[in-house]
Amino acid sequence: MADMPRAVERPLSPHIGIYRPMLTMMMSIMHRITGAALFFGTLLLTWWLLAAASGPTAYARVQAFMDSFIGVLILLGYTWALLFHMLGGIRHLIWDTGRGFGPAEREWLTLATLIGSIGLTILVWVLGYVFMAGTR
């Protein structure tokens, strides 16, 4: 047993446990999460379209859910996820051109994605309430 060779010491592969969390890393994770959330939001949109095609009673049931507190919260989250994912895609498109890789530019683009998605979500909902208030 003493003659057995020692195990080769190999370097650890980089993983999330050894890096200090940075804003760009968190935004990358959120981009993936919002991509998955958009799948479920699209199912919700499909449910609404099928109900609209099925008739007034089915549509009224879906609309009652959408008008509930939970429904509005889900729609608000879906709107934010859609805009966040879109702005994240634009940020990656800018990076694909070879621009925005400097530390200052990278941080600016990341903050612009986060703040822009929140601001655009608020804008979309305010405009929606302003223009849809007359239809109810």
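Just so it is clear, none of the values below were taken in a lab; they were calculated from the coordinates. The model shown is predicted, which means the values in this text are computed figures rather than measured ones. Every residue, glycine among them, receives a Cβ derived from its backbone with ideal geometry; neighbour counts consider all protein chains shown.
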Over 5 Å intervals from 0, what percent of Cα-Cα pairs in region 23-135 sits in each interval? 2, 11, 16, 19, 17, 12, 9, 6, 4, 2, 1, 0
Using only Cα atoms and rounding to the nearest 10 degrees, what angle (0 to 90) does helix 69-96 make with the longest principal axis of the chain? 50 degrees
Kindly express, to the nearest 10 degrees and within the range 0 to 90, the angle between helix 103-132's C-alpha long axis and the longest C-alpha principal axis of the chain. 10 degrees
Please identify, among Leu50, Leu120, Leu38, the residue showing maximal mean-square fluctuation in a Gaussian network model of the chain using a 10 angstrom Cα cutoff. Leu50
Nearest 10 degrees is fine. How inclined is helix 56-67 to the longest principal axis of the chain, computing both from alpha carbons? 50 degrees
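Can you tally the net charge around Gly100? Count Lys and Arg as +1, Asp and Glu as -1, for every other residue whose Cβ sits under 9 Å from the Cβ of Gly100.
Numbers: positive: Arg91, Arg99, Arg106; negative: Glu105.
Neighbourhood net charge equals +2.
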Report ³J(HN,Hα) in whole Hz for each residue of region 31-40, in order, from the Karplus equation J = 6.51 cos²θ - 1.76 cosθ + 1.60 where θ = phi - 60°; Gly and Pro get x. 4, 5, 5, 5, x, 5, 5, 5, 4, 5
Highest-fluctuation residue, Ser68, Ser28, Ser117 considered, GNM on the chain with Cα pairs under 10 Å: Ser68
